[in-house]
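I have a structure here, written as C-alpha cells, and I will follow up with some questions on it.
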Amino acid sequence: DSPSYGRFRRERPDLLIGKPGEKLEKGTLEHGIRTGLNFAFPQVRDHMLAIISELVEDFDVDGIELDWFRHPAFFRVDEAYDNRHLATDLIKKVKDKINHVFETTGRDVKLAVRVPPTLYDSARIGLDVEEWMKKELVDIVIAGGGFIPFETPIREFVDAGSGSDCLVYGCIENLRPAVGDDIIRGISSHFWSEGAAGIYL
C-alpha cells in the first residue's frame, strides 16, 4: 500500500509477481521481486502498451528505450522462461504502434531495449532477445548494465543480430570498473573490437 508505488500497482495487487497473501522468505529472489508487475497478465501488458502508445503517438519523440535491465523481473521465477513469448508479443505490439506512427505521420521512431548482459540471462528472465533481433522488432539492443563490461559477451548479441538492421550497443556504467579515462577507453575499445555499433552511457 506504499504511496510510492504507482496507482496501478496499488489498485491491482492481484497483478503483481507475488500473489496476495503469499508468504515469501525475506532475502530470497522471490521476496525481492514480489512487488513487480507480472507481465504474464494481459492487463499488465495492455497497461504498459498504453503508456508506450501515448508516448509515441502524442509526443514528437525520435525513439524510446524499454529498459528490461533496471529492475529485471517480469514474471514469477519458475514461469519466466516459458513466458518468453508474452514479452515478445508486447514488443511486437510496440513495434506495430511505431510502424503505424511512421505510416500516418512519417516520423521514424526508433525502439531501443536494454537487456541483461547475456542472451542466456535474458531468456532466463523471459526475454527472447535473439527473436526480437531476428524478426527486426527492435532497432537497438543495449547489452547489460555496464557492471561487467569486459565479461559481457557483446559478440553473441552481434552474431544474433547478423543479417538484420539491429544495432548492438555496449553499456558503460559510471561506477566501478569505469572509474578512469584509460579504463573507459579500454571498455569502449573492447566493445568496438567485438562488433558493437555504439556505446550507451
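Between Thr105, Thr88, Thr152, find the one with the highest GNM mean-square fluctuation for the chain; connect C-alpha pairs within less than 10 Å.
Result for the chain, Cα springs under 10 Å: Thr105 fluctuates most.
For the full complex of protein chains and a 1.4 angstrom probe, list His85, His47 by accessible area with the highest value first.
Listed by decreasing accessible area, they come as His85, His47.
On to the next question. Mind grabbing the accessible area of Lys95 for me, 1.4 Å probe, Å², rounded to tens?
Per-residue accessible area (Lys95): approximately 30 Å².
Between Leu66, Leu86, Leu167, which gets the highest mean-square fluctuation from a Gaussian network model of the chain, Cα cutoff 10 Å?
Leu66
Express the carbon and sulfur contribution to the solvent-accessible surface of the stretch 54-201 as a percent, rounded to the nearest whole number, probe 1.4 angstrom.
In the stretch 54-201, the share of accessible area belonging to carbon and sulfur is 50 percent.
Size of the dipole of the chain about the Cα centre, Lys and Arg at +1 and Asp and Glu at -1 on the beta carbon, nothing else charged, in debye to 20?
It works out to roughly 560 debye.
Quote the accessible area belonging to Arg124 in square angstrom, nearest 10, computed with a 1.4 Å probe and with ligands, DNA and RNA left uncounted.
Number for this one is 110 Å².
Would you rank Tyr120, Tyr200, Tyr81 by solvent-accessible area, highest first, keeping every protein chain in place and using a 1.4 Å probe?
Greatest to least solvent exposure: Tyr120, Tyr81, Tyr200.
Distance from the Cα centre of the stretch 139-177 to that of the stretch 23-82, in angstrom?
With the stretch 139-177 and the stretch 23-82 each reduced to a Cα centre, they are spaced 21 Å.
Looking at the stretch 1-108, which GluC sites (Glu not before Pro) are DSSP coil and have at most 14 other C-beta atoms within 10 Å of their C-beta?
Those that pass, being in a loop and sparsely packed, are Glu22, Glu25.
A further question on this structure: Based only on Cα atoms, what Rg/Rh ratio does the stretch 48-162 have, Rh being taken as Kirkwood's radius?
0.98
Please compute the modelled spin-label separation between Ala197 and Asp108, points set 7 Å along Cα→Cβ, answer in nm with one decimal.
Spacing of the two 7 Å Cα→Cβ label points: 1.1 nm.
How much accessible surface does Phe59 have with a 1.4 Å probe, in Å² rounded to 10?
Looks like 110 Å² after rounding.
So what is the calculated 222 nm ellipticity per residue for the chain, using -39500 (n - 2.57) for each DSSP H run with n of 4 or more, over all residues, to the nearest 500 deg cm²/dmol?
-11500 deg cm²/dmol
What is the spin-label model distance, in nm, from Leu175 to Glu79 if the labels are put 7 Å beyond Cα along the C-beta direction?
Taking the simple label geometry, Leu175 and Glu79 are separated by 3.0 nm.
According to the Kirkwood expression over distinct Cα-Cα pairs, how big is the hydrodynamic radius of the chain, in Å?
That comes to 18.0 Å for the chain.
The values are calculated or read from the model by the stated rules, or taken from the named source; none is laboratory data. Just so it is clear, the structure is predicted and the values come from calculations on it, not from any experiment. When we count neighbours, we look across all protein chains shown, and the Cβ atoms used for this are built from the backbone with ideal geometry, even at glycine. Surface areas here come from the heavy atoms of the whole protein model, side chains and all, with no ligands, DNA or RNA. Shrake-Rupley method; radii C 1.70, N 1.55, O 1.52, S 1.80 Å.
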